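Accompanying notes for the structure given below.
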């Protein structure tokens, strides 16, 4: 794992001797800002002639080939150079094939495998990679840059065009570390976040800062304009397509794929641990490691405690975590997270996520990755992806119930089923039948709408926009307002099963742009920890996507096939328990004992709200009065509170500060090796 940066001057030839050089000090400044991603080594490559000028940089977290894998890495004749963030899990097999074809390796790293694979197959080599990655390859002979991002967007890449220079990095803060690159929040993106929970790529929270979408590559060069192309997408079969594989065969194939996906993700020259949440997915991964490898596994978990130190039953799953750790005989490490701790670290979390959030859920995971780091681990396996591709979320059940309800609009039983899906949302669990029908019955009969599965969630989230300022509302008119039209929908989307359409929306928005980013890469790499996800092996994903819906959601039993496939390895209390969503306290994290934390009070003051300009001061003040009067906020008000606070933090940390001196965030000097390569020659170490 690494953080990568780069600059490519696109100004073309100048009258006096070619293009402007890329300053090494600029690359060093960018790397310094993302020091947490790669504290072990730093390396820089620069190249300049009359046609092109480029600089590449890497901040390395050493996991494979600890001594020889320092980046940037060049090929045999120095005509190709690469910086790489991520892991290629099938690099062992690819290296053997490349050596048979005559390629010579100078390291044992997976980074060099990508470079030789590119030599052999060009850009199509990406189709052979099984991994989570962003890499940039500079071809000196062609004066061309190629950047590729993994299929599902596990690893991030951001870029901007500034004064004729393409600038890219693993985190946005690296871009803002350069003179002249300004931070300005994008009103359209804020509207997207307050609808879909996250920006829609290529947008980010900031104007003129873009993300390379998952499954895409970017190419640009001296004689080639910047182009972005898709090389992979999620695909589902047409509705009612005949499926020839029996259920028993599907069970066997899923288990086989998961065993291999887990085993290859254990490849590392450092210890590898695993998260245990207490649910089916992380327990599956831990059980596969225990039963199909000879490793002594160390596991990590987080529980929740109230202000008195007692277990918080609303969020805590510690009993299931301990039961699974005991069965697998793991060396288990656990911490209990309080709402006070969530409130205290939330500003740091927002600094690392670089985007407004509607949930506090990334904060406990930030603390969990800190625990992993403190125990000397750089790598953990986790269970993300199972819910998206094996229909584990309640949103899939909700859509299924609503579709059946639409066929019998007068049914009393269908709305009652919906109450059972959300026992953790008080205003739904305790509501009467009339409220349920009104809440879930909106647009009930629009079953052919492409967003049918997510209509209720997105409409509910959008209620938080009532706090937008008048200026924001004026900006967000017409096409600037978020809608299903903003989402890239495949041409054959309407021909898929309804459940497949729901899975596509959940995977391309919630998974890639929130779960793997704010709750994944950003909070883990904040503590130099790499997460690996066997359920996101593209072979597992493509297999699951071709399964018939009832193999995944059988009646209202989620992840049916997975439960069949792994039942013999798990305690019944794990595989038989219903899905419980991961959540974290919100209101009590920011208002312990009903009083705001100091930073919360400052950011929510009428003066601060009015100065930033995103929200209406009177509306925010009324929300605080509501909290003070009633003591508890409902689901949508809690989301609004988190969204307002995190937006104010993003404004304070990036827009107002413009990355000025900070008392919270200071990158320490590198303790590891440093290397600078100019025109293929090492000039300084």
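The values are calculated or read from the model by the stated rules, or taken from the named source; none is laboratory data. As the structure is a prediction and not an experimental result, all values here were calculated from the model. In this analysis, Cβ positions are derived from the backbone assuming ideal geometry, glycine residues included, and neighbour counts consider all displayed protein chains.
So that you can scan it fast, the table gives a plain yes or no per residue for (1) over 30 Å from residue 203 (Cβ atoms); (2) in contact (Cβ under 8 Å) with a residue 24 or more places away in the chain:
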residue: 108; (1), (2): yes, yes
residue: 118; (1), (2): no, yes
residue: 121; (1), (2): yes, no
residue: 130; (1), (2): no, yes
residue: 134; (1), (2): no, yes
residue: 149; (1), (2): no, yes
residue: 154; (1), (2): no, yes
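Taking segment 400-442 as the range and being within 21 Å of residue 452 (Cβ to Cβ), in a loop (DSSP other than H, G, I, E, B) and more than 29 Å from the chain's Cα centre (by Cα) as the test, the residues that pass are 408, 409, 410, 411, 441, 442. The set of residues in segment 557-566 that are surrounded by 16 or more Cβ atoms within 10 Å (Cβ to Cβ) and not in a helix (DSSP H, G or I) comprises 558, 559. For residue 60, the test of being in contact (Cβ under 8 Å) with a residue 60 or more places away in the chain, in the same structural domain as residue 157 (by TED's automatic domain parsing) and closer than 23 Å to residue 215 by Cα is failed. Restricting attention to segment 185-221, the residues being assigned to a loop (DSSP other than H, G, I, E, B) and under 21 Å from residue 26 (Cα atoms) number 2. In segment 185-212, the residues that are at positive phi form Cβ pairs under 6 Å with partners that are part of a loop (DSSP other than H, G, I, E, B), at six or more places apart or across chains, as follows: 197/358. Number of residues in segment 328-346 that are in a loop (DSSP other than H, G, I, E, B) and buried (at least 19 other Cβ atoms within 10 Å of the Cβ): the value is 1.
Residues in segment 149-168 that are out of contact with any strand residue (DSSP E or B) (no Cβ under 6 Å at 6 or more places or on another chain), part of a strand (DSSP E or B) and within 12 Å of residue 217 (Cα to Cα): 0 in all. Remark: residue 51 matches the filter, which requires a residue to be outside any strand (DSSP E or B) and more than 24 Å from residue 271 (Cα to Cα). Identify the single condition in (1) buried (at least 23 other Cβ atoms within 10 Å of the Cβ); (2) within 24 Å of residue 543 (Cβ to Cβ) that residue 366 does not satisfy, given that it satisfies every other one. Every condition holds for residue 366 apart from (2).
Looking across segment 126-148, the residues that are part of a strand (DSSP E or B) and in contact with a helix residue (DSSP H, G or I) (Cβ under 7 Å, 6 or more places away or on another chain) come down to 135, 137, 146, 148.
Listed conditions (1) in contact (Cβ under 8 Å) with a residue 12 or more places away in the chain; (2) touching a helix residue (DSSP H, G or I) at 6+ places or on another chain (Cβ under 6 Å); (3) farther than 27 Å from residue 369 by Cβ are all met by residue 554, apart from (1). Restricted to segment 574-593, and to residues that are in a helix (DSSP H, G or I) and at pLDDT below 90, which residue is farthest from residue 349 (Cα to Cα)? Among those that are in a helix (DSSP H, G or I) and at pLDDT below 90, it is 575. Checked against (1) in a loop (DSSP other than H, G, I, E, B); (2) farther than 18 Å from residue 505 by Cβ; (3) without any contact (Cβ under 8 Å) to a residue 24 or more places away in the chain, residue 491 passes all but condition (2).
The single condition among (1) modelled with pLDDT under 95; (2) within 20 Å of residue 147 (Cα to Cα); (3) assigned to a loop (DSSP other than H, G, I, E, B) that residue 179 does not meet is (2). For residue 260, are the conditions met, namely being touching a helix residue (DSSP H, G or I) at 6+ places or on another chain (Cβ under 6 Å) and not assigned by TED's automatic domain parsing to the domain that holds residue 122? Criteria not met by residue 260.
Residues in segment 466-477 that are closer than 17 Å to residue 637 by Cβ and either under 23 Å from the mean Cα position of the chain (by Cα) or surrounded by fewer than 19 Cβ atoms within 10 Å (Cβ to Cβ) (or both): 466 only. Just checking, which of 251, 272 is more than 25 Å from the chain's Cα centre (by Cα), farther than 19 Å from residue 151 by Cβ and buried (at least 17 other Cβ atoms within 10 Å of the Cβ)? Step by step, each of 251, 272 is checked, and only 251 is more than 25 Å from the chain's Cα centre (by Cα), farther than 19 Å from residue 151 by Cβ and buried (at least 17 other Cβ atoms within 10 Å of the Cβ). For segment 262-272, the criterion of being in contact with a strand residue (DSSP E or B) (Cβ under 9 Å, 6 or more places away or on another chain) and farther than 19 Å from residue 535 by Cβ is met by at least one residue. Within segment 74-103, the set of residues being touching a helix residue (DSSP H, G or I) at 6+ places or on another chain (Cβ under 7 Å) and either at pLDDT 95 or above or part of a strand (DSSP E or B) (or both) comprises 80, 82, 84, 87, 88, 89, 90, 91, 94, 95, 98, 101. When 330, 296, 338 are checked against the criterion of being under 10 Å from residue 276 (Cβ atoms), in contact (Cβ under 8 Å) with a residue 12 or more places away in the chain and in the same structural domain as residue 373 (by TED's automatic domain parsing), a single residue qualifies: 330. For segment 61-73, the criterion of being assigned to a strand (DSSP E or B), at pLDDT 90 or above and crowded, with 20+ Cβ neighbours inside 10 Å is satisfied by at least one residue. Within segment 530-547, if we keep just the residues that are in a loop (DSSP other than H, G, I, E, B) and either in contact with a helix residue (DSSP H, G or I) (Cβ under 9 Å, 6 or more places away or on another chain) or without any contact (Cβ under 8 Å) to a residue 40 or more places away in the chain (or both), the residue that is nearest to residue 64 (Cα to Cα) turns out to be 533.
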